[in-house]
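A.B. asks: Attaching a single structure in structure tokens format; questions to follow.
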């Protein structure tokens, strides 16, 4: 649809209504850092977050690839859409009336909006039809199934809008198309009927099934899940993909759970509809279901926007199929899990029960469930535990197999401190209580680990690709020298900051120029620049690399107007490089130590690493905030 002439009033209303944290948070896992949010950039490959979102400025900016702008710009770049397409989508999302600059364009737009609204209306009416059928004589089997087999209360049945699709090939078709006068093509687009092979008639997609409406986050019915009441296959059948419904991007019960997810700051993901329904019925409400499919990154991103701590608990079945589904789910979201962006926990109920079965096992089951949720193990503890299931470590071949799988798992951990901890933990498990073996097993495991893979030219962990140590130094030192020479009223501030933080110019050309600056200031304070430019003839080798500092171009003239912000960011960058060097030293020392023999030193360097990580994070926050202020000013 080509609608480039949206009225200015509509554009203003949309841009004013857009919340950039909400928009970006649907696609990027964001963590609060001070007044801003940070996450992994969706526009380039990175392992360390350099993507910042500022709620106060309604801007995003990536310090890795340089992409930045408003919420509208974010959606344009992400979906490769035009400005008009994004504005129209946002207007529909926020129910903002759309005005166009011509009558023809307005009519075309209204037809497009009307089509989607009709699809929502058909889904809602079908849901009412199924609910009514549940309470008719033909729905008696379904009603007894819900009340007796599932033990659901009337309130829960109503809360989730459960219903029944009658037998008969054209029951719903006749109701929607013949009685309600909706076109068959629209009803087919909602996924409620299918065209016969001869193409001249339709039949109902759902027949003699218990019906479970699936809603979007706003509570609108967009699809249906169903369960057979007999021996038909498949046992569970979902709506097909439609303009309203994408199974891999939708979570059942999110509309009912999102408030409690935010309140409790965690979300529980179960496999089945009735697991989620039963838990909600028992008062355990921060729960969603993954529609029986593999838990996808899109589904994860949709729920993470509601939990600040990013805590997700997988409660799939504890049988072989459930264990496989849990492993598959972890693998699907592996980049976010292994990098520590998500606090993932895995919760298996005793006896291989699913949540619905467990809640029926005793009157106190809901309380026990809550207690077990609070102590659910981290995903890696669960995975290590799975490696030991049915394995006899006294058998050489089984011991070797378990140890190799442990190495594979440990290799995927990106955080060095977490690696070190779990190396020691795995060594303890392999030793089977023999403390004299822990040290040797720990060393053997450590020796088999590889350094985290880095792409060509990618810097060490802790510094992003374009924020490598050398780049940081070059940019920061260049900025300070530029401001010092061309903004004399900031010279005292720069010297004070360097001395106060015990910082020096590290790169040889900058260090040479700084020395010449200090020498010349005592002799030529009024003609400092002229004197330094003349030195290029005397010291051509040393001065040629720094000549750009001595001459302002047009862009630099514009930038140094914001000198205080640039100075603050540059000083923070120099401090960060210093702390990064200290961090690497601590890591090198830690690798040489045996945690069982050098416990005190091991603890010291571990604590020092944690302290340095906090300092570096604070500096990044200060640096990013300063640069965002520069961009905004």
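A.B. asks: For the range 170-195, which positions are over 19 Å from residue 222 (Cβ atoms) and assigned to a helix (DSSP H, G or I)?
C.D. replies: 171, 173, 174, 175, 177, 178, 179, 184
A.B. asks: With respect to the numbered conditions (1) in contact with a helix residue (DSSP H, G or I) (Cβ under 8 Å, 6 or more places away or on another chain); (2) free of Cβ contacts under 8 Å to residues at least 24 places away in the same chain; (3) crowded, with 18+ Cβ neighbours inside 10 Å, which one is the sole condition not fulfilled by residue 184?
C.D. replies: (3)
A.B. asks: Residues being outside any helix (DSSP H, G or I) and more than 29 Å from residue 333 (Cα to Cα): count how many of those fall in the range 362-404.
C.D. replies: Within the range 362-404, residues that are outside any helix (DSSP H, G or I) and more than 29 Å from residue 333 (Cα to Cα) number 7.
A.B. asks: Ok, one more. Does the range 261-274 hold any residues that are in a helix (DSSP H, G or I) and either out of contact with any helix residue (DSSP H, G or I) (no Cβ under 9 Å at 6 or more places or on another chain) or closer than 11 Å to residue 291 by Cα (or both), and which are they? Break it down stepwise before answering.
C.D. replies: First pass over the range 261-274, keeping only residues in a helix (DSSP H, G or I): 261-264, 273-274.
Scanning the range 261-274 gives 262, 263, 264, 273, 274.
Results for (1) touching a strand residue (DSSP E or B) at 6+ places or on another chain (Cβ under 7 Å); (2) under 20 Å from residue 200 (Cβ atoms), shown as yes or no for each residue.
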| position | (1), (2) |
| --- | --- |
| 138 | no, no |
| 141 | no, no |
| 149 | no, no |
| 157 | no, no |
| 167 | no, no |
| 172 | yes, yes |
| 182 | no, yes |
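A.B. asks: OK, next. Return a yes/no flag: does the range 70-88 have any residue that is surrounded by fewer than 18 Cβ atoms within 10 Å (Cβ to Cβ), part of a strand (DSSP E or B) and modelled with pLDDT of 80 or more.
C.D. replies: Looking through the range 70-88, none of the residues is surrounded by fewer than 18 Cβ atoms within 10 Å (Cβ to Cβ), part of a strand (DSSP E or B) and modelled with pLDDT of 80 or more.
A.B. asks: Continuing with this model, one more query. Under the condition of being more than 23 Å from residue 608 (Cα to Cα) and in contact (Cβ under 8 Å) with a residue 24 or more places away in the chain, which residue from the range 416-434 is farthest from the chain's Cα centre (by Cα)?
C.D. replies: Taking the range 416-434 as the starting set, the residues that turn out to be more than 23 Å from residue 608 (Cα to Cα) are 426-434.
Next cut, in contact (Cβ under 8 Å) with a residue 24 or more places away in the chain only: 426, 429-430, 432.
Numbers: 426: 29, 429: 33, 430: 34, 432: 38 Å.
Result: 432.
A.B. asks: Another question about this same structure. Given 508, 599, 563, 569, which one is free of Cβ contacts under 8 Å to residues at least 40 places away in the same chain and farther than 30 Å from residue 438 by Cα? Outline the logic, then answer.
C.D. replies: Details: 599 fails: farther than 30 Å from residue 438 by Cα; 563 fails: free of Cβ contacts under 8 Å to residues at least 40 places away in the same chain; 569 fails: free of Cβ contacts under 8 Å to residues at least 40 places away in the same chain.
Testing whether each residue is free of Cβ contacts under 8 Å to residues at least 40 places away in the same chain and farther than 30 Å from residue 438 by Cα leaves just 508.
A.B. asks: Which condition breaks for residue 226 when tested against (1) touching a residue at least 60 places away in the same chain (Cβ under 8 Å); (2) within 27 Å of the chain's Cα centre (by Cα)?
C.D. replies: (2)
A.B. asks: Examine the range 192-199 for a residue that is touching a helix residue (DSSP H, G or I) at 6+ places or on another chain (Cβ under 8 Å), closer than 27 Å to residue 147 by Cα, in contact (Cβ under 8 Å) with a residue 40 or more places away in the chain and surrounded by fewer than 21 Cβ atoms within 10 Å (Cβ to Cβ), and state whether such a residue exists. Let's see the steps before the verdict.
C.D. replies: Let us first name the residues in the range 192-199 that are touching a helix residue (DSSP H, G or I) at 6+ places or on another chain (Cβ under 8 Å), namely 192-195.
If we keep only those that are closer than 27 Å to residue 147 by Cα as well, we get 192.
Imposing the further condition that a residue be in contact (Cβ under 8 Å) with a residue 40 or more places away in the chain reduces the set to 192.
Still in the list and also surrounded by fewer than 21 Cβ atoms within 10 Å (Cβ to Cβ): none.
Checked against the condition, which is being touching a helix residue (DSSP H, G or I) at 6+ places or on another chain (Cβ under 8 Å), closer than 27 Å to residue 147 by Cα, in contact (Cβ under 8 Å) with a residue 40 or more places away in the chain and surrounded by fewer than 21 Cβ atoms within 10 Å (Cβ to Cβ), the range 192-199 yields no hits at all.
A.B. asks: Condition test on residue 417, is it surrounded by fewer than 18 Cβ atoms within 10 Å (Cβ to Cβ) and modelled with pLDDT under 90?
C.D. replies: So residue 417 passes the test.
A.B. asks: Which of the residues belonging to the range 292-321 are at positive phi and at pLDDT below 85?
C.D. replies: Correct list: 292 only.
A.B. asks: Okay, moving on. Specify which of the listed residues (98, 53) is outside any helix (DSSP H, G or I) and at pLDDT below 80.
C.D. replies: Sole residue among the options that is outside any helix (DSSP H, G or I) and at pLDDT below 80: 98.
A.B. asks: With the structure loaded, tell me whether residue 100 is more than 30 Å from residue 334 (Cα to Cα) and in contact (Cβ under 8 Å) with a residue 24 or more places away in the chain or whether it fails that test.
C.D. replies: So residue 100 fits the description; yes.
A.B. asks: May I pose another question? Go through the range 470-487 residue by residue and tally those that are surrounded by fewer than 18 Cβ atoms within 10 Å (Cβ to Cβ), touching a residue at least 40 places away in the same chain (Cβ under 8 Å) and more than 16 Å from residue 623 (Cβ to Cβ).
C.D. replies: 2
For every residue, the table says whether it meets (1) surrounded by 18 or more Cβ atoms within 10 Å (Cβ to Cβ); (2) modelled with pLDDT under 80; (3) within 28 Å of the chain's Cα centre (by Cα); (4) in a helix (DSSP H, G or I).
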residue: 574; (1), (2), (3), (4): yes, no, no, yes
residue: 585; (1), (2), (3), (4): no, no, no, yes
residue: 588; (1), (2), (3), (4): no, no, no, yes
residue: 597; (1), (2), (3), (4): no, yes, no, no
residue: 600; (1), (2), (3), (4): no, yes, no, yes
residue: 604; (1), (2), (3), (4): no, yes, no, yes
residue: 613; (1), (2), (3), (4): no, no, yes, yes
residue: 616; (1), (2), (3), (4): yes, no, yes, yes
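A.B. asks: If residue 45 meets every condition in (1) within 17 Å of the chain's Cα centre (by Cα); (2) crowded, with 16+ Cβ neighbours inside 10 Å apart from one, which number is that one?
C.D. replies: So the condition that residue 45 fails would be (2).
A.B. asks: Mind checking which residues of the range 435-493 are in a loop (DSSP other than H, G, I, E, B), modelled with pLDDT of 75 or more and within 30 Å of residue 599 (Cβ to Cβ)?
C.D. replies: Selection gives 449, 450.
A.B. asks: Turning to a different aspect of this structure: Considering only the range 518-569, give the helices (runs of 4 or more DSSP H) lying wholly within it that have at least 2 residues that are closer than 14 Å to residue 482 by Cβ, at pLDDT below 80 and touching a helix residue (DSSP H, G or I) at 6+ places or on another chain (Cβ under 8 Å).
C.D. replies: 554-559
A.B. asks: For the range 305-346, give me each residue that is out of contact with any helix residue (DSSP H, G or I) (no Cβ under 6 Å at 6 or more places or on another chain) and assigned to a loop (DSSP other than H, G, I, E, B).
C.D. replies: 308, 309, 317, 339, 340, 341
A.B. asks: Please specify each residue of the range 222-252 satisfying the condition of being modelled with pLDDT of 90 or more, more than 21 Å from residue 195 (Cα to Cα) and surrounded by fewer than 23 Cβ atoms within 10 Å (Cβ to Cβ).
C.D. replies: Passing the criteria: 227, 228, 229, 235, 236, 247.
The values are calculated or read from the model by the stated rules, or taken from the named source; none is laboratory data. Keep in mind it's a predicted model, so treat the numbers as computed, not measured. No Cβ is skipped: glycine too gets one built from the backbone with ideal geometry, and neighbour counts run over all protein chains shown.
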